Structures are given as structure tokens and as C-alpha cells.
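What follows is calculated from the coordinates using simple rules that are stated; it is not laboratory data. Treat the numbers as computed from the prediction; the structure is a model and nothing was measured. All Cβ positions, glycine included, derive from the backbone under ideal geometry; neighbour counts span all protein chains shown.
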Amino acid sequence: MTSRIPRPARWTALVAAACGALLLGACGSTSTDAVAGGTRGSTVAPAARDQALADALPADVRASGRLRIVTEASYAPASQFGPDGRTIVGFEPDLGAALGAVLGLQVTFVNTDFDKLGPAVTSGKADLVMSAMTDTAKRERTLDFVNYFSAGSTIVVQRGNPAGVTELGDLCGKVVAVQAGTVQVDLLAHAQVNCDEPITVRTYTTNDDALVQLRTGRAAAVLNDYPPAAALTTDAVTGSRYQLASTAQYEPGWYGIGVAKNRLELRNAVQGALQSLIQSGHYGRVLDKWHVSEGAVPRATINAGAGQG
């Protein structure tokens with residue numbers, strides 16, 4: 001059986017806000033440099049540098065002066081492309097920029113397919129993953145995680161809910177679209193155990209691709225993390241097409257910043273920087289700006305998905 005945590009129906013966030021000064025510069029359509037600042041109508045003052053944490057970074061990172069972060073930018077309000085189609089905005093780029101400020105590093109976010117995020121880090125092509133990636137025991141086989149947010153999965157349906165879906169059990173015998181490689185794929189596999197007629201699960205490269213299936217009636221539902229689902233269903237444009245089946249959150253877990261297991265110095269420095277942001281209040285101000293403060297964590301843990309927090 002899956003677990004549920006009821007949450008308020010609205011978690012107001014914009015899918016694409018006026019761009020402002022959150023992320024400046026770019027290296028084509030898939031890469032962007034992050035600086036502290038923001039969209040969403042208000043800005044958050046830059047975080048203060050911590051020299052001790054900066055000195056604790058691995059020598060190669062200190063020498064480069066950069067932190068390369070991969071994300072899959074189709075998951076508002078965590079990470080998504082802004083109105084210019086090239087700048088990655090969201091609470092993750094804001095937090096990433098703040099981590100860079102604490103560590104004295106320039107942060108670059110690079111858009112990458114979700115199922116390639118982990119390999120990009122383990123191969124050394126990127127330093128970190130920050131992409132609404134739930135920390136699970138399975139993922140901890142290849143990555144360590146610094147936990148920075150909490151969320152569960154929820155069900156998105158067409159506006160008006162023509163398929164009459166209100167809970168996981170209602171998905172039995174129906175087509176459900178979901179992004180490949182996500183915890184929602186596992187959640188649907190768990191749900192199949194309770195079905196007399198199986199759920200037809202169709203996976204897609206991006207969450208946007210999955211939503212097209214729902215919008216065009218080729219799927220009865222899409223499973224998303226609660227924050228992006230709430231953003232989608234309360235936005236002035238997309239809210240006319242989609243709604244939440246309910247406010248239930250299934251199998252809640254922790255988002256984690258993924259770090260290669262052989263980079264303990266980097267992992268510990270990132271954990272220290274996040275803890276600094278939490279203690280200073282900067283972390284809370286970033287989440288408040290994006291209206292996702294309900295997912296705040298009280299401290300920066302490591303590998304909480306396996307109970308090692």
C-alpha cells in the first residue's frame with residue numbers, strides 16, 4: 001500500500017514568471033549561469049560567502065571556480081525555462097545560485113534528459129544533480145544526496161476530470177502518462193498490486209510530453225510531484241486544462257542534490273552550504289518567493305531516503 005499525506009489544495013506558483021535577474025548569461029539553449037536574485041516579483045538578497053566551506057571544497061572545484069549542475073528544466077516551479085526559452089528559472093536555480101555564493105563559486109545549470117542526470121555526475125561531466133530528484137535507496141547505490149526539500153506524488157487529470165479519477169485505485173484499467181526514470185514509475189508499479197485490471201503505464205522523455213498525452217485525451221492521468229502539479233493546475237493558462245484529482249500526496253520523500261559517491265569533500269561542502277542557508281533564513285526566503293515553503297526541510301541531511309539523515 002502507498003502512504004498519503006493530505007496537503008492544502010493550492011500551492012500557488014507560476015509556470016513561467018517574468019525573468020528579471022535570476023539567471024544571467026548562457027551557453028546556448030541548454031546552459032545558463034546562475035546568480036543570486038530572482039523573478040516572481042521579488043528578489044532575495046545574495047547569500048554571504050563562508051570561507052571555511054569554500055576552503056573545504058575539492059581542489060579541482062576550487063581551481064575551476066565553477067559548480068556545474070544538471071537539471072531537467074520542465075518541472076515548474078523547481079526548474080523550468082523562462083520566457084526567453086533559454087534561461088532556467090525556479091527555486092532550484094535560486095538555491096543553486098545561493099549555494100555558489102556561500103562557496104564562492106559561479107554556478108551553471110545545464111538542461112539534460114532526466115534519465116541522463118545521474119550518469120552525467122558519475123562520469124564527471126557535471127558536479128551535481130539538482131532536478132526535483134527524489135532521494136531513494138535505489139538511487140543511493142550510485143549517488144549521495146544532500147536533502148533540500150520534501151514532496152510526495154499526486155495525480156493530475158484533465159479539467160473537469162472526465163475519467164472520474166480521485167485516487168490511485170481509480171487508475172486501474174486506465175492509461176497513465178509519466179516521465180521516464182521518475183519515482184512515479186515506481187509508484188504506479190506498487191499500485192498495480194491492488195488492481196484487478198492493470199494500469200497501462202506509458203513513459204515519456206519529459207513531463208511536458210506526458211502532459212500532452214493527458215491534454216489530448218490519450219491518457220486519463222499524469223503523476224507528478226505535488227509542487228509542479230499544483231503550479232500547473234493553478235496557473236492562469238494551464239489551469240484551464242488540468243486539475244488535481246485530489247490533494248493527497250503519495251509516498252512522500254526528499255529531494256536530493258546528487259553527488260558522485262567518490263566526492264565526499266564536495267558533498268560535505270554542499271551540505272554545509274545548505275545548512276548555512278537554512279540557518280541564515282536565506283533558504284526560507286527563496287522558498288517563500290516561489291510559494292513552496294510547505295516543502296521546507298529543517299536541516300540539511302545526507303541520504304535521508306535510506307534513513308541515514
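Quick look at the numbers
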{"quantity": "Pairs of Cα atoms farther than 26 Å apart, the chain, %", "calculated": "42"}
{"quantity": "Theoretical ellipticity at 222 nm over the chain - DSSP helices of four or more residues, -39500 (n - 2.57) apiece, nearest 500", "calculated": "-7500 deg cm²/dmol"}
{"quantity": "Calculated on alpha-carbon atoms, Rg and Dmax of the range 46-123 in Å", "calculated": "13.4, 38"}
{"quantity": "Fewest-first sequence of 140, 92 by Cβ atoms within 10 Å of each Cβ", "calculated": "140, 92"}
{"quantity": "Per-bin percent of Cα-Cα distances, the range 95-240 [10 Å]", "calculated": "10, 36, 32, 17, 5, 0"}
{"quantity": "Relative exposure of 114, 91, judged by other C-beta atoms within 10 Å (fewest first)", "calculated": "114, 91"}
{"quantity": "Percent of beta bridges antiparallel (DSSP, the chain, rounded to nearest 5)", "calculated": "70"}
{"quantity": "Gyration tensor verdict on the range 151-229 (Cα atoms; rounded if a/c is under 1.5, prolate if a/b is larger than b/c, oblate otherwise)", "calculated": "rounded"}
{"quantity": "Potential extension, residue 193-residue 141 segment - 0.36 nm per residue separation minus Cα distance", "calculated": "16.2 nm"}
{"quantity": "Part-to-part distance (alpha-carbon centres) for the range 275-309 and the range 155-188, which is given in Å", "calculated": "28"}
{"quantity": "For the range 213-265, average projected area of the Cα convex hull in nm²", "calculated": "5.9"}
{"quantity": "Surrounding net charge for residue 102, when Lys and Arg each add one and Asp and Glu each subtract one, Cβ distance under 9 Å", "calculated": "0"}
{"quantity": "Cut-off under 5 Å, modelled amide H: who pairs with residue 167 long-range", "calculated": "none"}
{"quantity": "More than 14 angstrom apart: percent of Cα pairs within the range 58-97", "calculated": "49"}
{"quantity": "Residues with amide H under 5 Å from that of residue 200, placed H, sequence gap 5 or more", "calculated": "173, 174, 175, 176"}
{"quantity": "The range 169-284: Rg to Rh, with Rh as the Kirkwood radius over Cα pairs", "calculated": "1.07"}
{"quantity": "Order of 291, 282, 190 - criterion: other Cβ atoms within 10 Å of each residue's Cβ, fewest first", "calculated": "190, 291, 282"}
